[in-house]
Every structure is written in C-alpha cells, then in structure tokens.
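Where a number appears in this text, it was derived from the coordinates with a stated rule and is not lab data. Note that the structure is predicted; figures quoted are calculated from it, not measured. Quick reminder, even Gly has a Cβ in these numbers, built from the backbone with ideal geometry, and neighbours come from all protein chains shown.
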Amino acid sequence: MTEAQPIQVFFHVNGKFGIDCGNIPSINYRRSTHIDRPQYRSEFDVTIRFLQNGTESPCTTDEKIYVFDFPIQAYGLQSGLYTYTINGVHTGTFELKTDNVLSTDTLRGFNRN
C-alpha cells in the first residue's frame, strides 16, 4: 500500500510456472461484503491463471519464476479491515486507517492557478 492519499493497494505475487510456456497472467478479482464477519469491511477474491504464450515452440517442463505486482481498485473504500484470498489458498488482511478519498481541501488545491 502506498501512504499518500488516495492510497493505492497492490498485491505482490510470486511463484513458479509449472511449464516454461505458461507466462501470460490472467488476473481477475471481485469484492464482496462480509455478512457473517462484520469486523471486516469486505473481501477481495483474487484468481490468477497463466495462459500459454501462443508460440510455436514446444513447451518444456523447466520451471520459471514469476513476480507480479498488480493494483486493486481501492479508491472510494471506507476505512477498516479488508480480507483477501488468492486462488482460494493464500489469505491475509490489510487495513485502511482513513476513508480512501481525496479531501475537499486537496481538491481545492488542484483548482488553484
């Protein structure tokens, strides 16, 4: 997470490809609210898949390391604790200490010439 308003939230994901030709990431996420766990504002459910790169060369079984940092839509979120799950396995939380919106004072500063 960045510290300046508006806060930007990034997921840092790393691991190994099972084959060397699966190197195009497909990242999807959805946000849902917790009805049964009111201590959390909502949950981000992230799914990461890797697509074949479409080359004509044959794939090998050599493992390749990947590292991705990808942003999630965090602007407009209220302050509070949020949970996330990546591929149904990796879970965690992050907390926004304040509502993630620009203040009217900041917006007024943009209008000054």
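Computed from backbone phi with θ = phi - 60° and the Karplus coefficients 6.51, -1.76 and 1.60, the 3J(HN,Hα) list for region 63-69 is 7, 10, 7, 10, 9, 10, 10 Hz; x is used for glycine and proline. What the Cβ-Cβ distance of TYR40 and SER103 gives, at R0 = 25 Å and to the nearest 0.05, is a FRET efficiency of 0.50. In order along region 25-32, the phi-based Karplus estimate (6.51 cos²θ - 1.76 cosθ + 1.60, θ = phi - 60°) of 3J(HN,Hα) comes to x, 10, 10, 10, 8, 9, 10, 9 Hz; Gly and Pro are listed as x. A simple spin-label model places the labels of ASP69 and PHE94 1.1 nm from each other, with each point 7 Å out along Cα-to-Cβ.
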